[in-house]
Amino acid sequence: MQDLFFYLFAALTLLCGFLVVANPFSRSPVTSAMFLVVMMACLAGLFVTLHAFFIAAVQILVYAGAVMVLFLFVIMLLDLKEEDRRKFNAFGIGAGLIAVVGIAAILIFKVILPSGVGANKQPMIEGSTVALGRELFTNYLLPFEIVSVLLLVAMVGVILLSKKELK
Amino acid sequence: MMQVGLEHYLVVSTLLFCLGVLGVILRRNLLVMYMGLELMLNAANLALVSFSRFNNNLNGQVMVFFIITVAAAEVAVGLALIVALYRKRQSAHVEDLTSMKL
């Protein structure tokens, strides 16, 4: 049953990821953003099959919620519509496709599969929120505080960047 | 059908990462290139969570927590940069942003 869910969510994640980058029916950024939301939700499903329930919830809340709303706001602000008539550079596309397929083939068939990294490893850990919180507030307390400072810096930076003119 | 193991998750993560790279290479719209970056970050998150589960070590999930936070900050700053750029050049296309080209 769990394997079935893995294959379902993995196929949906990859399909939606493909439709984000190369949708054959539409070049609109809004379509890409919508498929990105579906991709995030399916990835949260994959996290649930890995028993990482807290990460799955955060994925939905932060990515599918906050980040995608930000994306859609910016698309709405910029009012992008003229990219449909641009033509592509065929040589660039060919070279890019070959490079990416090469990277994927090397990673899968030369690195992951021969390494036997998952041989006789049983899924053990349960990503319970209690254990994760304990880890976060004991061993990782300093990085946690630094991340909060980083968020503050990002907030100030965004306000500064989006002001019309600095006085 | 064989038992789903660590390799399955890693293969899915690799393919997702390559889709992200493909998006950055193929698309010429800055916003869609940004979505490709998000795909790559999510692929890394999937690999970290699966390593965490199969190696009986919770540190991977803590790392994913930090990555999600940093990615949210990164998206906010990046989109603000794109908006500022659009205000100056009236375009979000990489081909129109060549003023630093020699």
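The values are calculated or read from the model by the stated rules, or taken from the named source; none is laboratory data. Keep in mind the model is a prediction, meaning the values are calculated, not measured. Virtual Cβ from ideal backbone geometry, glycine too; neighbours counted across all protein chains shown.
Of the residues that make up the stretch B:74-82, is at least one in contact (Cβ under 8 Å) with a residue 40 or more places away in the chain, more than 30 Å from A:Ala131 (Cβ to Cβ), assigned to a helix (DSSP H, G or I) and not β-branched (Val, Ile, Thr)? Looking for residues that are in contact (Cβ under 8 Å) with a residue 40 or more places away in the chain, more than 30 Å from A:Ala131 (Cβ to Cβ), assigned to a helix (DSSP H, G or I) and not β-branched (Val, Ile, Thr), one finds at least one in the stretch B:74-82, hence yes. Contact map, the stretch B:52-67: residues that are more than 7 Å from every other protein chain (Cβ to nearest Cβ) and touching a residue at least 24 places away in the same chain (Cβ under 8 Å) paired with residues that are surrounded by 16 or more Cβ atoms within 10 Å (Cβ to Cβ) and not hydrophobic (A, V, I, L, M, F, W, C), Cβ distance under 6 Å, separation 6+ or inter-chain. Pairs shown: B:Ile67/B:Asn45.
For the stretch B:10-28, which positions are under 26 Å from B:Leu97 (Cβ atoms) and either of a type outside the set (D, E, K, R) or more than 7 Å from chain A (Cβ to nearest Cβ) (or both)? Scanning the stretch B:10-28 gives B:Phe17, B:Cys18, B:Leu19, B:Gly20, B:Val21, B:Leu22, B:Gly23, B:Val24, B:Ile25, B:Leu26.
Taking the options B:Val77, B:Val70, B:Val24, B:Val64, name whichever one is over 27 Å from A:Gly92 (Cβ atoms), in contact with a Gly (Cβ under 6 Å, 6 or more places away or on another chain) and modelled with pLDDT of 90 or more. So the residue among B:Val77, B:Val70, B:Val24, B:Val64 that is over 27 Å from A:Gly92 (Cβ atoms), in contact with a Gly (Cβ under 6 Å, 6 or more places away or on another chain) and modelled with pLDDT of 90 or more is B:Val77. A residue that is hydroxyl-bearing (Ser, Thr, Tyr) and over 14 Å from A:Ile55 (Cβ atoms) occurs somewhere in the stretch B:70-88.
Restricting to the stretch B:45-73, give me the number of residues that are assigned to a helix (DSSP H, G or I) and more than 27 Å from A:Val156 (Cβ to Cβ).
Counting residues in the stretch B:45-73 that are assigned to a helix (DSSP H, G or I) and more than 27 Å from A:Val156 (Cβ to Cβ) gives 12.
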